[in-house]
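The values are calculated or read from the model by the stated rules, or taken from the named source; none is laboratory data. Note that this is a predicted model, so its numbers are computed, not measured. Cβ sites come from the backbone with ideal geometry, for glycine too, and all protein chains shown count toward neighbours. For the accessible areas, the whole protein counts, side chains as well, though only heavy atoms, and no ligand, DNA or RNA atoms are used. Shrake-Rupley method; radii C 1.70, N 1.55, O 1.52, S 1.80 Å.
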Amino acid sequence: MSGKRNPELDREAQQWIEAVIGEKFPGGAYEDAIKDGIVLCKLINKLQPGSVSKICTSGGGFKLRENVSAFQNAARAYGLPDAELFQTVDLFEKRNIAQVTQCIHALGRQAQRKSFNGPTLGPKMAESNVREFTEEQLRAGQNMVGLLNDGMNKGASQAGQNIGLTRHI
């Protein structure tokens, strides 16, 4: 799975997290710094205070996995779709760090959408652009579709044309 990773995206995610939580990552690899979920829980609590009420800072792997699960639930509640989340094993067992980074970037976009007043990550998500049409405009548009289709199809048929294929026997 490491073949799908983009070190630049990992670096951007790390810098954003550090800026939001106001702490530098401990030394070592990016995935090791976020593996126990503590940093991720701090992040979601900065974006949505009180999202994770209890962060486990000690204990075995099972206790620390609870942090990752709490982060995932909080991120989902914050508005991230399941497709943008990662599985606990993706992070804890380093199976798909690229998906973890994608989730962090999605969280950054969602924070902008929710008008988070802090550092940003990635492009701003588009807002909906609802358009209102009168009945008269809709009727006029129905006539245009027919004209467009007629114009597009005129002369488009290749039926009866000799396109220069030769048959060898």
Residue 89 - would you say it is open to solvent by less than 90 Å² (accessible area, probe 1.4 Å), in a loop (DSSP other than H, G, I, E, B) and modelled with pLDDT of 90 or more? no
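Quick grid of which residues meet (1) over 30 Å from residue 44 (Cα atoms); (2) at pLDDT 80 or above:
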| site | (1), (2) |
| --- | --- |
| 99 | no, yes |
| 110 | no, yes |
| 122 | no, no |
| 134 | yes, yes |
| 137 | yes, yes |
| 149 | yes, no |
| 152 | yes, no |
Would you check if residue 23 is of a type in the set (Asp, Glu) and in a helix (DSSP H, G or I)? no
Residues of the range 1-43 being buried (at least 18 other Cβ atoms within 10 Å of the Cβ) and basic (Lys, Arg), in sequence order, are 35, 42
Name the pairs whose Cβ atoms lie under 6 Å apart, with the first residue in the range 49-62 and surrounded by 10 or more Cβ atoms within 10 Å (Cβ to Cβ), the second among the acidic types (Asp, Glu), and 6 or more positions between them or separate chains? 56/66
What pairs come up if the first residue lies in the range 64-85 and is more than 14 Å from residue 105 (Cα to Cα) and open to solvent by less than 40 Å² (accessible area, probe 1.4 Å), the second is β-branched (Val, Ile, Thr) and not in a helix (DSSP H, G or I), and their beta carbons are under 7 Å apart, counting only those six or more places apart or on different chains? 67/55; 70/52; 71/52; 74/52
The one condition in (1) within 20 Å of residue 5 (Cβ to Cβ); (2) surrounded by fewer than 20 Cβ atoms within 10 Å (Cβ to Cβ) that residue 116 fails to fulfil: (1)
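Quick check on this structure: which one of 83, 111 is among the hydrophobic types (A, V, I, L, M, F, W, C) and in contact with a Ser or Thr (Cβ under 9 Å, 6 or more places away or on another chain)?
Working: 83 fails: in contact with a Ser or Thr (Cβ under 9 Å, 6 or more places away or on another chain).
Within the list 83, 111, the selection yields 111.
Would you mind stating whether residue 103 is open to solvent by less than 20 Å² (accessible area, probe 1.4 Å) and over 24 Å from residue 120 (Cβ atoms)? Walk me through it before giving the result.
Working: open to solvent by less than 20 Å² (accessible area, probe 1.4 Å): yes; over 24 Å from residue 120 (Cβ atoms): no.
No; evaluated as a whole, the condition is false for this residue.
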